[in-house]
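The values are calculated or read from the model by the stated rules, or taken from the named source; none is laboratory data. The structure displayed is predicted, hence computed values, not measured ones. Here the Cβ positions follow ideal geometry from the backbone for every residue, glycine too, while neighbour counts run over all protein chains shown. Ligands, DNA and RNA are excluded from the accessible area calculation, which covers all protein heavy atoms including side chains. Shrake-Rupley method; radii C 1.70, N 1.55, O 1.52, S 1.80 Å.
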Amino acid sequence: MANIWSTEAWAIVIAACSLMLLGEMSGNWFFAALLTLGFYIAWLYYRLLKLEQWIRKGTKVSQVYDDSGFVGVIIRQLHEQKKTHNQRKRHAKRILRRLNQNISALPDATVLLNSEFQIEWCNEPARYLLNLRSPQDLGYKLNNLIRDPELLAYLNDPESEDAIEIDSPVDPDITIQVKIVSYGGRQILLIARNISDQKQLQQGLKNFVANASHELKSPLTVVLGHLEMLEGEKKLSDNGRRSLQTAQRQAERMKELIEGLLLLSQVESSHLEPGEGDRISVTELMVNVMTALEKYPDRDRVSLEYPDDLFLLGVNVEIEGICINLIENAIKYTTPGSPIRVRWTENFLGEYVFSVEDRGPGIEADEISTITKRYYRGARSRAATAGSGLGLAIVKHATNKHGGKFSIESESGKGSCFNVTFPSYRCIGAPAPVARIADR
Ligand code: ADP
């Protein structure tokens, strides 16, 4: 500090001496002061100009302007700051390079997107799984490069699903699972992995179950037929009759399980185009459904509300499966006597919603996403009722196949409402006014 002010003090002393000398020599003190001040100001401006040029050129150390006065102090401060900044930048670059190397080495395709779905970065596996190349595709919108409606819907609402499965744009025989994670508010991380082997294994397993169920159905029908014949046998002892009834009950359970497996495999094995399907009268459908539920003596607590003139376009046995499973669950999982409300109502989009509402034990929030998985049974249900865990899986897959939406609203201890929304192109016939629905 002393050094700066000594330089500045020397400059003032020299200026004062020059002023005295010039004043004495010329006798014109005004002219002498003007000249001295002019020189002093010009010297200051020269130093500031050099400083400005050095900053403009990027404060390069090799071109540092050395000034021993206050300008020198500014330069030294700037230089120190730049050194710290450069060190931090080098450190951040090292971390970023290491991170990039690690992500690039991942076997899964990893893509970073901004909120507009523009690609900011992608690794090598993204090339052979998603056909995305870096740096050529950077800046392009992902939904323009991969045209898949399911992926677009998932990008717009990542909370709607845990992950989705799509065909790889590189090879349609490759199935990829795509998962989206939003981070930092507006950034999106997309991870895609090849699950073809897993899918093949699953398919093999499904085929095996479907074939085995098919093979079991005929012998079981024969066994049931013989048991029914034996039932009419008059000479049967009481013990024999009890055994026969037990055998009949167990065989019926097996038949239901096999029928469930076969229906699920039928739902999954074929695709349904929007204009395809049988013309199903909802009135007839509901009559058939209630007939199928005759084995439940208290089924009259089910109240039905539906428009007479509604027809659906779909696969009869699959839509029947949806209705039977939901109503049967409501009967099975609620206390006898508690009301069950079954309705077909039209929403503001012209879609029809089939809903089954009960006042049973309800479902815990964290269990809702699990109960639609095949073979899943709630802990309480396992102990209290018979079942296969296939009912809601059938409902979910059959609804998806018909282009519909399946949703569950439930509050533990208060009851549940299961909704199946059929798209308007599947609801044919004159839509009934809502007032008539309530009238029934
Ligand atoms: P299953 O009825 O054979 O167990 P589902 O797939 O139909 O199989 O149902 C799966 C599980 O969902 C059931 O085990 C039960 O725990 C739960 N669940 C289904 N419907 C209801 C309902 N209406 N109320 C309470 N829990 C239900």
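Structure notes:
- Among the residues listed as 349, 326, the single one being part of a helix (DSSP H, G or I) and either open to solvent by less than 30 Å² (accessible area, probe 1.4 Å) or not β-branched (Val, Ile, Thr) (or both): 326
- Restricting 261, 257 to those that are touching a residue at least 12 places away in the same chain (Cβ under 8 Å), under 19 Å from residue 394 (Cα atoms), within 16 Å of the ligand (Cβ to nearest atom) and open to solvent by less than 40 Å² (accessible area, probe 1.4 Å) reduces the list to 261.
- Taking each residue of segment 47-74 that is small (Gly, Ala, Ser) and looking for partners that are modelled with pLDDT under 85 and open to solvent by 80 Å² or more (accessible area, probe 1.4 Å) with beta-carbon atoms closer than 7 Å, six or more apart or interchain, yields 68/3; 72/66.
- Just so you know, in segment 79-117 the residues that are in a helix (DSSP H, G or I) and among the β-branched types (Val, Ile, Thr) include one that is farthest from the chain's Cα centre (by Cα), and it is 84.
- Residue 277 being under 37 Å from the mean Cα position of the chain (by Cα), of a type outside the set (S, T, N, Q) and surrounded by 21 or more Cβ atoms within 10 Å (Cβ to Cβ): no
- Filter result (open to solvent by 10 Å² or more (accessible area, probe 1.4 Å) and under 18 Å from the mean Cα position of the chain (by Cα)) within segment 122-145: 143
- Residues being small (Gly, Ala, Ser) and free of Cβ contacts under 8 Å to residues at least 40 places away in the same chain - total across segment 331-368: 2
- One residue stands out among those in segment 332-342 that are surrounded by fewer than 19 Cβ atoms within 10 Å (Cβ to Cβ) and not in a loop (DSSP other than H, G, I, E, B): the one that is nearest to the ligand (Cβ to nearest atom), which is 332.
- Flag if residue 293 is open to solvent by less than 40 Å² (accessible area, probe 1.4 Å), touching a helix residue (DSSP H, G or I) at 6+ places or on another chain (Cβ under 7 Å) and among the hydrophobic types (A, V, I, L, M, F, W, C): yes
- Residue count for segment 363-407, restricted to those that are hydroxyl-bearing (Ser, Thr, Tyr), more than 8 Å from the ligand (Cβ to nearest atom) and either open to solvent by less than 70 Å² (accessible area, probe 1.4 Å) or at positive phi (or both): 4.
- No other residue among 398, 432 is at pLDDT 85 or above and out of contact with any strand residue (DSSP E or B) (no Cβ under 6 Å at 6 or more places or on another chain) apart from 398.
- Within segment 114-139, tally of residues that are of a type in the set (Asp, Glu) and modelled with pLDDT under 90: 1
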